[in-house]
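Contents: one structure, followed by commentary.
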Amino acid sequence: MFHTASPEDILAGKTTDIYFKRTVEILRKKGIARNVKAEFCVKKFPGGLKWGVFSGVEECVELLRPLPVRVDAMREGTVFGVNEPVMIIEGEYSNFALYETPLLGLICQSSGVATRAARCKKAAGDRLVVSFGARRMHPSISPMIERNAYVGGCDGVAVVKSADLIGIEPTGTIPHALVLVLGDVVSAMDAFDEVIDSSVKRIALVDTLEDEKAESLKVAEALGEKLYGVRLDTPPSRRGDLYQIAEETRWELNLRGYHHVKIFVSGGIDEHEIERLNPVVDGYGVGTAISNAPVLDFAMDIVEIEGKLRAKRGKSSGAKSVLRCPSCYKKMVVPRGTTVGRCSCGSDFEDLLQPLVADGDMLCTLPTPAAIREYVLQQMRFYSLAE
């Protein structure tokens, strides 16, 4: 038995904090029913970041759709800032109180992964970024991790189940194990070339037994034009300066006419290392930095009760709208229903919070992972890694 909750456990409210269960018991035994509006916001981003990518909407729908509530939310993949509500639930409180814990869990972790993936892709630009971090997480959640890595901007994922969920082909090279079992990198890549379908790019792992540039040259001579690229995954204990290793490998390959062979790196890569390595690297496998990304600390707070403004200390009461200009991306948070003029650039503001679910009915069509990813990448034009 794996130490995870089943979908039935989550839907039954068994993954909630006990005080919500006790609260519902108190309210129902007292015959108290209050209609509330509750919103989900981040008050502070980890590591001094200024923006995040909202994700986890599909799974929230699975939890909220059976309930007698109305939900408005930002489109999945929307880039948002502090104190900007990403989702609002309206309904009788005891009908959804049990789900505060799992709802926060769904969006906190998925948005954290999507945010780090977006930052890595922003740093890489046109270079390939593949999610390699499933081995750092519990296997039961690896599809969730890699789906959010993909919608955040990664070009591919490594795990078979994750790729099935997204609707793409998994991406990968060869492991050190194949080189060790077959004796050397040339034997490993010859076997790969013989057995694996020709549609799969031939990318050799070149740091198992010898110097990276030496193994790169050997496999380039063996496969010639069929070799698409080499991957450097040198362990920290033997690494030295990865930039210099990649630079030397590129020099030696070019000197012998192997200009077509691309260089990929993996192992300890994050957005900052990507920026440093870009001049000499064509693509990245990013593992722990994405799969173990800091969660975004969303909180769910009641802001109205029975139509009256009410909120805890430190929280602004009343339902809100997050307005964004579609042209220049200027944003503002205003009381729900407020009419504002046009943006200074001349465009009309759009409310990012749109109807999602009402009493079991879907009020919109959920986008595909590919469409979410494209939406994230479009928004990245307006954001920088310095923010």
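Here, each number is a calculation from the coordinates, and none is a lab measurement. This structure is a prediction, so every number in the text was calculated from the model and none was measured. Here the Cβ positions follow ideal geometry from the backbone for every residue, glycine too, while neighbour counts run over all protein chains shown.
The table below lists the values:
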{"quantity": "For the chain, built as a Gaussian network whose Cα springs stay under 10 Å, the top-fluctuating residue of 99, 243, 19", "calculated": "19"}
{"quantity": "Protection proxy ranking of 117-128, 288-299 - average other beta-carbon atoms within 10 Å, highest first", "calculated": "117-128, 288-299"}
{"quantity": "Chain lengthening between residue 243 and residue 160 when straightened (0.36 nm per residue, less Cα-Cα)", "calculated": "26.8 nm"}
{"quantity": "Gaussian network model of the chain, Cα within-10 Å springs - most flexible of 11, 255, 227", "calculated": "255"}
{"quantity": "Proximal lysine pairs, the stretch 174-276, alpha carbons under 14 Å, eight or more residues apart or interchain", "calculated": "5"}
{"quantity": "Inter-label distance for residue 225 and residue 342, nm, one decimal - labels placed 7 Å from Cα along Cα-to-Cβ", "calculated": "5.6 nm"}
{"quantity": "Of 376, 340, 322, the one that fluctuates the most in a GNM where the chain has Cα springs shorter than 10 Å", "calculated": "340"}
{"quantity": "Under 5 Å, built H, 5+ apart or other chain: amide partners of residue 36", "calculated": "91, 92, 93, 306"}
{"quantity": "Virtual paramagnetic centre 7 Å along Cα→Cβ of residue 141, amide N under 14 Å, in the stretch 53-90", "calculated": "56"}
{"quantity": "Estimated FRET transfer efficiency when R0 is 30 angstrom, pair residue 92-residue 334 (beta carbons, to 0.05)", "calculated": "0.65"}
{"quantity": "Over the stretch 1-144: Kirkwood hydrodynamic radius from C-alpha pairwise inverse distances, Å", "calculated": "17.0 Å"}
{"quantity": "Calculated P(r) of the stretch 77-144 - Cα pairs past 17 Å, %", "calculated": "59 percent"}
{"quantity": "Mean Cβ count within 10 Å, highest first, over the residues of peptides 64-77, 144-157, 35-48, 351-364", "calculated": "144-157, 64-77, 35-48, 351-364"}
{"quantity": "Charged-residue dipole, Cβ positions (Lys, Arg, Asp, Glu), the chain about Cα centre, Debye nearest 20", "calculated": "1960 debye"}
{"quantity": "Angstrom value of the Kirkwood radius, inverse mean 1/r, which spans all Cα pairs in the chain", "calculated": "23.0 Å"}
{"quantity": "Full-stretch length increase - residue 1, residue 19 - with 0.36 nm per residue and alpha-carbon distance subtracted", "calculated": "3.7 nm"}
{"quantity": "Globularity ratio of the stretch 252-387, using Cα Rg and 2.2 N^0.38 Å", "calculated": "1.57"}
{"quantity": "Footprinting exposure proxy for 274, 10 (fewest neighbouring C-beta atoms within 10 Å first)", "calculated": "10, 274"}
{"quantity": "Highest average packing first - 203-213, 327-337, Cβ atoms within 10 Å", "calculated": "203-213, 327-337"}
{"quantity": "Listed pairs 14/331; 43/121; 122/330; 43/308 exceeding 27 Å between Cα atoms", "calculated": "14/331"}
{"quantity": "Candidate lysines for bridging to residue 30, where Cα separation is under 21 Å - those fewer than 8 sequence places away on the same chain excluded", "calculated": "21"}
{"quantity": "Simple label model, 7 Å out from Cα along Cβ direction - residue 251 to residue 297, nm", "calculated": "4.7 nm"}
{"quantity": "Hull-based mean projected area of the stretch 161-276, where the convex hull spans the alpha carbons, in square nanometres", "calculated": "8.1 nm²"}
{"quantity": "Sum of -39500 (n - 2.57) over DSSP H runs of 4+, divided by residues of the chain (222 nm, nearest 500)", "calculated": "-10500 deg cm²/dmol"}
{"quantity": "Relative contact order (%) - the stretch 1-138, alpha-carbon pairs under 8 angstrom, separation at least six", "calculated": "31 percent"}
